[in-house]
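Report on the following structure.
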Amino acid sequence: MTTNKKLLTFIEETKALCNPDKVVWIDGSEAQLNELREQAVKEKILIKLNQEKLPGCYLHRTTVNDVARVEDRTFICSKVKEDSSPVNNWMETGEAMKMMNDLFKGVMKGRTMYVIPYSMGAVGSKFSKIGIELTDSIYVVLNMAIMTRVGNKVLDALGDGDFVKGLHSYAELSEEKRYICHFPEENTIMSINSNYGGNVLLGKKCFALRIASYLGKTEGWMAEHMLILGIENPKGEIKYVAAAFPSACGKTNLAMLIPPEIYKKKGYKCWCVGDDIAWIRVGEDGRLWAVNPENGFFGVAPGTNMKSNPNALLSTRKNTIFTNVVENLDDETVWWEGLDKNPPKNALDWKGNPWNGDMKDENGKPIKGAHPNSRFTAPTVNCPCLSDQFEAPDGVPLSAIIFGGRRAKTAPLVYQSTDWNNGVFVGSIMASETTAAATGAVGVVRRDPMAMRPFVGYNMGDYFAHWIEMGKKVKNQPKIFNVNWFRTDDEGNFIWPGFGDNLRVLDWILARCEDKVDAKETPIGYVPYAKDINIEGLEGVTEATIEDLTTVDKETWKKEAEGIEKFYKELGERVPKELYGELAKLNAKLDK
Ligand code: GTP
Ligand code: SPV
Ligand code: MN
């Protein structure tokens with residue numbers, strides 16, 4: 001199969017440690033994957049859905065204590081503490097290795113160990129990277145086979161080369177013994193006692209962000225929590241943007257945007273390159289080029305419907321694995337809150353308990369059937385608006401970089417930074433209300449620089465410095481913006497309609513990139529003149545609404561600036577002086 005010494009040693013050592021009954025290599029063939037699906041159904045890991053309505057689709061329920069990424073049990077391990085980020089958990093490499101090795105001892109006894117060779121990025125592209133995940137979970141195998149390119153072709157591409165070592169076991173699914181440990185200095189990931197998404201599909205957050213961000217720092221490129229979207233104008237020109245929003249803040253939705261009617265009529269089209277992760281390099285032309293290293297979407301189910309995101313919903317109509325949604329027993333299909341207004345009458349909720357859409361709690365509020373972080377794992381090829389550049393080995397050139405988060409008040413609908421370093425500052429001060437994508441309280445505002453707080457594989461100050469360094473290498477810098485779709489009125493309703501109508505804001509962003517439109521200067525950057533956001537065909541939105549959405553309140557921002565300074569202090573001494581310089585400039589403008 002392979003003569004790669006490092007790989008064979010990794011497997012032998014893991015066999016000795018975990019003691020599996022047998023070892024199965026994932027070859028990537030449909031025949032083998034089908035066998036595994038059948039086995040998973042037999043073992044009640046998967047439920048086969050209605051194969052006429054949802055061909056190739058399955059449902060999975062996790063254990064109740066294992067429904068999201070566990071940031072408090074996720075560690076970046078390094079030899080020196082300062083080389084990890086003060087806002088993430090750290091363990092010393094040797095100590096963590098010992099702890100993990102103890103936990104993994106004999107853990108696969110009576111089980112099969114699967115060897116998954118996978119490629120992040122098109123197989124064989126010079127920018128792609130290879131990982132090997134060893135796991136005892138069929139669920140992981142079948143999800144990895146959607147999310148990444150797997151199998152023999154990857155081993156061929158690997159040859160004698162290097163790879164990221166990944167070891168996973170669901171073990172006993174014990175919360176107390178759940179650990180997701182990253183060793184960027186050793187190119188290694190170890191994950192135990194979970195069987196959920198970002199904790200266990202090691203190619204995704206663990207490799208493509210945490211390990212890759214560290215590789216990017218040392219090799220001169222960037223791994224970012226960003227969607228990549230192509231916007232085609234009526235002349236047929238396509239401009240690409242990358243956008244970083246925290247988990248469950250709208251990346252998948254923006255990545256698959258459908259233009260509003262008036263834009264469609266003019267001939268605008270949008271193309272999805274990626275919905276979660278971007279690997280970004282400086283091209284020979286001095287521009288930034290981005291690829292999506294993934295091969296599938298691991299998207300939030302609740303709220304996805306034919307109106308909010310038809311492309312995402314259509315992507316899930318075949319060969320998809322659903323996790324923690326409602327099972328409709330009448331026709332073996334799936335349902336979630338916000339899919340439609342007809343919840344099933346005879347169903348099981350995400351825990352597998354009898355449920356129907358009429359059930360209310362003691363306060364008369366509907367009882368939810370799907371978990372708020374329930375997800376679909378769907379192949380990118382299913383996406384009706386998938387870009388024809390999706391597999392392009394060099395990726396797509398970026399015209400703009402967009403940051404954003406969920407802010408009920410502070411942040412305007414959109415603003416533009418004044419230059420690259422100011423843009424890095426704008427990314428570094430991102431803050432957002434927490435969501436169900438990670439365990440812990442929901443709705444609390446926290447700083448989440450570049451949407452990478454949970455995903456930076458090294459010191460956050462060094463990460464900022466890397467952004468500043470990258471700017472120096474880019475002759476043709478993309479403009480940097482910040483957006484906020486989530487401003488609310490006094491009753492707590494979203495003011496901006498969002499979703500497809502976000503193209504109206506992207507339209508302004510691209511016009512700014514091409515110097516086609518003026519903007520208003522504020523202490524935090526440039527905001528649109530209300531007349532320059534196209535609101536044609538929008539009900540209930542007037543120029544006054546845009547005026548309101550783009551106001552920058554000085555007093556609120558003075559408080560914000562205090563919060564930023566406090567956060568920078570928390571991040572420690574490696575926060576670059578350039579960013580303190582930007583903060584000083586902001587304070588000066590706010591005091592004027
Ligand atoms: P991860 O997969 O966790 O990284 O999430 P994501 O950033 O891809 O978020 P996603 O697009 O799945 O959206 C998460 C939630 O935000 C869903 O409930 C959406 O309905 C909601 N959402 C997305 N875009 C908008 C928007 O423009 N306006 C409003 N109000 N809600 C939105
Ligand atoms: C996120 O939380 O940002 C996700 C889902 O994309 S997970 O793969 O669980 O990280
Ligand atoms: Mn994500």
In degrees, nearest 10, the alpha-carbon axis of helix 502-513 is tilted away from the dominant principal axis of the alpha carbons of the chain by 70
With N193 itself left out, Lys, Arg at +1 and Asp, Glu at -1 over residues whose Cβ is under 9 Å from its Cβ give -1
Residue separation between E539 and K105 times 0.36 nm, minus their alpha-carbon distance, gives in nm 150.1 nm
Net charge (Lys, Arg +1; Asp, Glu -1) of residues whose beta-carbon lies under 15 Å from that of I76, I76 excluded, is 0
The distance between the Cα centres of the range 162-231 and the range 489-529, in whole Å, is 34
The lysines whose Cα lies under 19 Å from the Cα of K48, excluding any fewer than 8 residues away in the same chain, are K318, K351
Per the 1/(1 + (r/R0)^6) rule, R0 = 41 Å and r from the Cβ atoms of K53 and K360, FRET efficiency to 0.05 is 0.90
For the range 82-91, in residue order, the Karplus 3J(HN,Hα) values (coefficients 6.51, -1.76, 1.60; θ = phi - 60°; whole Hz; Gly and Pro = x) are 5, 7, 10, 9, x, 8, 10, 7, 10, 9
Residue by residue through the range 135-142, the couplings from Karplus 6.51 cos²θ - 1.76 cosθ + 1.60 with θ = phi - 60°, in Hz, x for Gly and Pro, are 8, 9, 10, 5, 4, 5, 4, 5
Residues meeting the amide H criterion for G296 (H placed from the backbone, H to H distance under 5 Å, 5 or more places apart or on another chain) are T380
With Cα coordinates, the longest principal axis of the chain makes an angle with the long axis of helix 577-591, in degrees rounded to 10, of 40
Placing one equal point scatterer on each C-alpha of the range 347-391 and summing with Debye, one gets log10 I(q)/I(0) at q = 0.18 Å⁻¹ equal to -0.66
Over the chain, the sum of -39500 (n - 2.57) across DSSP H runs of at least four, divided by residue number and rounded to 500 deg cm²/dmol, gives at 222 nm -8000 deg cm²/dmol
Quick calc, M306 & D490: beta-carbon distance into FRET formula, R0 30 Å, rounding 0.05, result 0.45
Quick calc: nm separation of the 7 Å Cα→Cβ label points for E38 and E521 -> 7.1
Across 10 Å bins beginning at 0, the whole-percent shares of Cα-Cα pair distances in the range 425-513 come to 13, 34, 36, 16, 1
Total charge of the residues flanking N50 in space, meaning their Cβ is under 12 Å from its Cβ, with Lys and Arg +1 and Asp and Glu -1, is -1
If every Lys and Arg gets +1 and every Asp and Glu gets -1 at its Cβ, then about the Cα centre the range 380-476 yields a dipole, in debye to the nearest 20, of 440
Rounded to whole angstrom, the alpha-carbon centroid of the range 1-65 lies from that of the range 554-571 at a distance of 48
Taking placed amide H atoms and a strict 5 Å upper bound, the residues 5 or more places from A431 or on another chain that come that close are D448
If the chain between K475 and E95 were fully extended at 0.36 nm per residue, the gain over the current Cα-Cα distance would be 132.4 nm
Place a point 7 Å from the Cα of V64 in the direction of its beta carbon; the residues of the range 322-350 whose amide N falls under 18 Å from it are 324-327, 348-350
Sorted by chain and number, the residues with a modelled amide H under 5 Å from that of W496, at a separation of 5 or more or across chains, are R487
Between the Cα axis of helix 5-18 and the main Cα principal axis of the chain, the angle (0 to 90°, nearest 10) is 70
Once D553 and E565 are pulled to full extension, the length gained, defined as 0.36 nm per residue separation minus their Cα-Cα distance, is 2.5 nm
Of the listed links K6/K205; K165/K217; K554/K585; K566/K589; K126/K165, those spanning more than 21 angstrom between alpha carbons are K6/K205
The Kirkwood hydrodynamic radius of the chain, taken as the inverse of the mean 1/r over all distinct Cα pairs, in Å, comes to 24.6
Of the listed links K204/K251; K235/K265; K44/K105; K409/K569; K239/K516, those spanning more than 18 angstrom between alpha carbons are K44/K105; K409/K569
For the range 133-274, whose charge dipole is built from +1 on Lys and Arg Cβ atoms and -1 on Asp and Glu Cβ atoms, the candidate among A248, C181, V154 with its Cα farthest towards the positive end is A248
Sorting F486, A436, I509 by the position of each Cα along the dipole of the range 420-529 (Lys, Arg +1; Asp, Glu -1; all at Cβ), the one nearest the positive end of that ordering is I509
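Each value in this text was obtained by applying a stated rule to the coordinates, not by laboratory testing. All values derive from a computational prediction rather than experimental measurement. In this analysis, Cβ positions are derived from the backbone assuming ideal geometry, glycine residues included, and neighbour counts consider all displayed protein chains.
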